[in-house]
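I have placed the structure first, in the form of structure tokens, so that the comments after it can refer back to it.
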Amino acid sequence: METEKKDTEKKEKHIWAIAGGKGGIGKSFVTANLGIALCERGKKVVVVDLDLGGANLHTLLGITRPPLSLDDFIRKGMRSIKGILAETGIPNLQLIAGVQDMLTLSNPKPRDKQKIIHHIASLNADHIILDLGTGISPHIFDFFLISDTGIFLITPERTSLENAYQFMRGVFFHRWMTLTTNKKVKKLIETAMDVNNAAGIRTPVDLLAHVENLDKEAKKIFADEANGFKPRLIINQARNRKEAELGFAIRSVCRKYFGIDLGFLGHILYDYNVYSSVQRGRAFFSDYPSSDVAACIRDIAAHVSDGRSLEWSLS
Amino acid sequence: MVTELKSWREQNYYELLEVGSQASDEEIRIAYEKLKTIYSLLTPGITILFTPEEVKQIQDKMEEAYRVLRDPRSQREYDLVMQGAWGKPIAPPPHPLAIRRALNTQQIREALGADEVSWSGESLGKIRRFLKLNIDELALEIKISKHHLEAIEAEAIAALPAPVYLKGFLRSFAKALGLDPRRVSEEYLTRISEKGYTRE
């Protein structure tokens, strides 16, 4: 354990979480292929399947299910997460497989969750990419919050946007809940979690104003915490330029509505071949390395790699 | 750029236009143009969170922000106001032009020489002269041609711009004089439409 810790402290490691709320928008696809694209750039990458219920990140990497997964890590009380690190056949890319059938872990116990979180943070890599499961629930927020940077994956569909906005709102409230012991403030946050609350609290900014009346210190802590929240955005399955440019609108709305600086990393074009490569159980990047989709993902990897976002035009 | 958690209602002009406070004229212009397009399209990205009324208010705020930041003089003034507010958790200052020349009812009555306040070309002219504002200078400041400002003051129906522009001009004019833009434009438009100006 001691040496493991030392290893990670030496490195400039970055943990990314791919979130979105809605299912079927390509979280695992992006996790897998962004991982491969980062490896192409000479980075050491670990992708982690945190879909604790229907994990299939391995399929998107074109491999069969590794023999050991997070399920073994928890159930068998394994000492180190290194024991379940699986090779992917792609140099410098390793996988932590998720839980496929064990529905019991889809809502993990706090202790198990803490263990997973602690060990992910100790992994040794340049980039660790977490494939969060579908949904807008407390344990997904917890995994989201261990990342250095959360990436919202959004498709141009209205439903995907709705869920992403719900996720953003929820993650604020969830985080703040853990930062206070004041019962009145906790109660207020609980009220605010209901979108149609009687207090008329729509946004985290609204909530902050209410908290200030109850507990000035809590308000300050909440605001400081929120100021460090700088997530990113990727538009997936864009069928044309106009849909890709939706990213700029979402970025602006997040700045104006939530007051958060959402960096736009780029877009990924819609391509039927993505579907067919998934159907064949192949990694998209291996089958279509010179496709437009691969080029989009390489652009995003470049942004991820040097910590930049787009300005006002698509790459 | 947004640096702290606050909504568009509390954001300053730079934050509203999503640029850094050191942004170049070109950066400000590009951001403004892009945002203008974004908020005119009403894609789901926007309408899920904002009502049509809010979108309109955001558009107005962005127009106001751009009007101030595009002009080096008003921008500098705004920056000074901002520096004064540095570190203080207060709402952004009102329009800088209004700060310089905000008028209370008493002053308005004095300027007009009347107790009854109603807005017409004549009364706008009186206020302008009361503030010792030269029409050329004002034209430059609010980016409305001298010709149009003169036509507004003279209520020269034939020389007035089309209704779609006139409303905005009146609001900018009123704002620069420290008056209530909505009231000025409504009263003025009602008045001149009675004199034969077609509002449609």
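The values are calculated or read from the model by the stated rules, or taken from the named source; none is laboratory data. Given the structure is predicted, the values throughout are model-derived calculations rather than measurements. Neighbour counts are summed over all protein chains in view; Cβ atoms, including those assigned to glycine, are modelled from backbone coordinates with ideal geometry. These area figures cover heavy atoms from the full protein model, side chains too; ligands, DNA and RNA do not enter into them. Shrake-Rupley method; radii C 1.70, N 1.55, O 1.52, S 1.80 Å.
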(request) Please build a GNM for chain A, connecting alpha carbons under 10 Å apart, and tell me which residue among A:P138, A:P66, A:P110 fluctuates the most. (result) A:P110
(request) At 1.4 Å probe size, with no ligands or nucleic acids counted, give the accessible surface of A:W312 in Å², nearest ten. (result) 30 Å²
(request) Could you check how much of the accessible area of chain B is carbon and sulfur, as a whole percent, using a 1.4 Å probe? (result) 52 percent
(request) Could you list which residues have their amide H under 5 Å from that of A:I129, counting only those 5 or more apart in sequence or on another chain, with H placed in the peptide plane? (result) A:W16, A:V46, A:V47, A:V48
(message) I need to check one value: relative contact order of region A:140-221, counting alpha carbon pairs closer than 8 Å and at least 6 residues apart, in percent.
(response) 22 percent
(request) Apply 1/(1 + (r/R0)^6) to the Cβ-Cβ distance of A:T64 and B:D25, taking R0 = 51 Å, and write down the FRET efficiency to the nearest 0.05. (result) 0.30
(request) Can you tell me the FRET efficiency between A:Y272 and B:A154 if r is taken as the Cβ-Cβ distance and R0 is 56 Å, rounded to the nearest 0.05? (result) 0.30
(request) Roll a 1.4 angstrom probe over the protein heavy atoms and tell me the percent of accessible area of chain A that is carbon or sulfur. (result) 49 percent
(request) Given a cut-off of 26 Å, name the pairs among B:K34/B:K167; A:K115/A:K216; A:K22/A:K230; A:K27/A:K82 whose C-alpha atoms lie farther apart than that in the structure shown. (result) A:K115/A:K216
(message) More than 22 angstrom separation, counting every C-alpha pair in region A:187-315; what % is that?
(response) 53 percent
(request) Just check region B:98-194 against the gyration tensor rule for me: Cα atoms, a ≥ b ≥ c as the square roots of the eigenvalues, rounded for a/c under 1.5, and otherwise prolate or oblate depending on whether a/b exceeds b/c. (result) oblate
(message) Quick check: residue separation of B:Q106 and B:D60 times 0.36 nm, minus the Cα distance between them. What number comes out in nm?
(response) 13.7 nm
(message) Using the Kirkwood radius over C-alpha pairs as Rh, can you work out the diffusion coefficient of region A:132-197 via Stokes-Einstein at 25 °C, viscosity 0.890 mPa s, in µm² per second?
(response) 190 µm²/s
(request) Normalise the Debye intensity by I(0) for region B:13-91, one equal point scatterer per Cα, no solvent, then take log10 at q = 0.13, 0.22, 0.27 Å⁻¹ and round to two decimals. (result) -0.44, -1.03, -1.27
(message) Translational diffusion coefficient of the protein assembly as shown at 25 °C, 0.890 mPa s, Stokes-Einstein with Kirkwood Rh over Cα pairs, in µm²/s as a whole number.
(response) 95 µm²/s
(request) Convert 25 °C to kelvin, take the viscosity as 0.890 mPa s, use the Kirkwood radius over C-alpha pairs of region A:172-225 as Rh, and evaluate the Stokes-Einstein diffusion coefficient in µm²/s, rounded to a whole number. (result) 228 µm²/s
(message) Can you sort B:E155, A:E217, B:E116 by solvent-accessible area, 1.4 Å probe, largest first?
(response) B:E116, A:E217, B:E155
(request) Count, for each residue of A:156-163, the Cβ atoms from other chains sitting within 10 Å of its Cβ, then give me the mean as a whole number. (result) 3
(message) If you take the accessible area of A alone plus B alone and subtract the pair, what total do you get in square angstrom, rounded to 100, with a 1.4 Å probe?
(response) 2400 Å²
(message) With a 1.4 Å probe and all protein chains kept in place, how do B:V81, A:V211 rank by accessible area, largest first?
(response) B:V81, A:V211
(request) Can you bin region A:268-315 into rounded, prolate or oblate? Criterion: square roots of the alpha carbon gyration tensor eigenvalues sorted a ≥ b ≥ c, rounded for a/c under 1.5, prolate for a/b above b/c, oblate for the rest. (result) prolate
(request) Using a Gaussian network model of chain A whose springs link C-alpha atoms within less than 10 Å, name the residue from A:G53, A:G228, A:G133 with the highest mean-square fluctuation. (result) A:G228
(message) Probe radius 1.4 Å, ligands and nucleic acids left out: which of B:K167, A:K113 has the largest accessible area, and how do the rest follow?
(response) B:K167, A:K113
(request) Search the structure for amide H atoms under 5 Å from the amide H of A:I151, placed 1.01 Å from N in the peptide plane, and list their residues when 5 or more places away or on another chain. (result) A:A17, A:I18, A:A19, A:R232
(request) Using a cut-off of 12 Å between beta-carbons, work out the net charge of the residues near B:N134 (Lys and Arg +1, Asp and Glu -1, B:N134 not included). (result) +1
(request) Go ahead and run the numbers for FRET between B:E186 and B:R76, Cβ-Cβ distance against an R0 of 41 Å, rounding to 0.05. (result) 0.80
